[in-house]
Structures are given as structure tokens and as C-alpha cells.
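Encoded as C-alpha cells, the structure appears first; notes follow it.
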Amino acid sequence: MSVRYDSGERGTRSCWTHGFSLMELIISISLMVIISGILVSIIASNFNILEKVSDRKKVVTRGLSAINLFQRETGMITDSTNIITAEDQKFGFNDKYGNTWEYVVTSSDFTRREVGIGTAKILATPVVNASTTFQYFGGDNAELTSTPLNAADLKLVRLIKLKLTMDDGVDGVSLLSIVYPENLNIYNKPLER
């Protein structure tokens, strides 16, 4: 096949008749490799982000399950005289069925055990020990700060707060539980006639 150049089109050639030069092919392949590398790194970073979000969601779910159980059981305190222990990282009480429960914050766990029945069960892990605490408030919403609470202060407790900070490997996820036990008759108010 012979190619002729027209005098009006000097220096131009048709790629249909000559194809691509080796240099053009090398540049095209190099650009495709660079673009592919960028796309792979973007996709990989998105998978890492999805994995971190999934891990954080699991940590929060464990914490929420622990808080829900704490709220349900602490809500069954019928009288403030049923509170046995009230410390910064330990809370013990008798519920309305006569069961004795103890919630404890250890070095990296939030545990619960039924006293006299068995060993402590881990409800949430890992927790940030320094910022996971119980707080106690009296009827006037004043915080009872002299923990562990003495016998006289135990009778004043009307509100219990649990700040549970789950360790997500970054900043921590703080969950807050506020419980008014039945001794305030918030849940079990008698019907007025």
C-alpha cells in the first residue's frame, strides 16, 4: 500500500493509513497505568473508611446494648434503700424481684453480675476507663459528689447517670444513660380518679 501526500496537506498524515507511532502508544499506556493506580488507591481508601465505620458501629451497638440493660434493671429499683453500692465506677442494688446486681467498670470492660449467682459478664468492651463513670443525684437534682456514697446519701439518690465511653481507637464514643428508678413513681404513677 502506498501513501501519497497531497501538496495542500504537508506534514499531516492520516492515522487510518499509518496507525499510531510507538511513542503515542507508550504515552497512552503510561496514562492508563497512572489513572488505574489512582483509581485503585481511591477504591482501597474507600474500603478502609467503610471498615472503620463498620467497626465503630459495632462498638456503639455493644455500648447501646449495655446501656439498655443497665436502664432496664436500674429502673426496677423500687426504693432508694435498695441501693447497696454507689461509687464512681461501681454500682450495686437490689431490684424489685429481690435480685442483687452489680455493675462495674474495670480497666477496659463494663461488666454486670448477679451477686451470689456467678461471675461477672462483660457487657461492653473496650471502654475508656477514665471517662466511664456513674453519677448520682438527689431529689433537688443536686449531684451527690462524695463517692462512695455513705448510708445517708444512698437514701437520697433519685437519679443515676452512666456515662459509658467506648474506645473506638480514635476519640472514643460517649453514650449517656439517665435513669429515674421507680422510687420517684415516674414510670408507675397511680391513676388519678
Open item on the list: Going residue by residue through the range 70-86, is there one that turns out to be on the phi > 0 side of the Ramachandran plot and more than 26 Å from the chain's Cα centre (by Cα)?
Closed with: no
- [ ] Find the residue count for the range 134-193, including only residues that are outside any loop (DSSP other than H, G, I, E, B), at pLDDT 85 or above and not aliphatic (A, V, I, L, M).
- [x] 11
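Name the single residue that is nearest to E51 (Cα to Cα) among those in the range 130-179 being among the acidic types (D, E) and exposed (fewer than 13 other Cβ atoms within 10 Å of the Cβ). I'd like the intermediate steps shown before the answer.
Step one: of the range 130-179, the residues among the acidic types (D, E) are 140, 143, 153, 167-168, 171.
Then keep just the ones that are exposed (fewer than 13 other Cβ atoms within 10 Å of the Cβ); that gives 140, 143, 171.
Working: D140: 46, E143: 40, D171: 17 Å.
That would be D171.
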- [ ] Specify the residue that is surrounded by the fewest Cβ atoms within 10 Å (Cβ to Cβ); the eligible residues are those in the range 46-87 that are among the acidic types (D, E) and over 19 Å from S177 (Cβ atoms).
- [x] E51
- [ ] Would you be able to tell me the number of residues in the range 79-119 that are in contact with a helix residue (DSSP H, G or I) (Cβ under 8 Å, 6 or more places away or on another chain), closer than 20 Å to I67 by Cβ and of a type in the set (S, T, N, Q)?
- [x] 4
Task: Residue under evaluation S107, criteria (1) within 19 Å of the chain's Cα centre (by Cα); (2) more than 21 Å from L176 (Cβ to Cβ); (3) at pLDDT 90 or above, criterion not met - done: (3)
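The values are calculated or read from the model by the stated rules, or taken from the named source; none is laboratory data. From a predicted model like this one, the values you see are computed outputs, not experimental measurements. For neighbour counting, all protein chains shown are included, and Cβ atoms are generated from backbone atoms with ideal geometry for every residue, glycine included.
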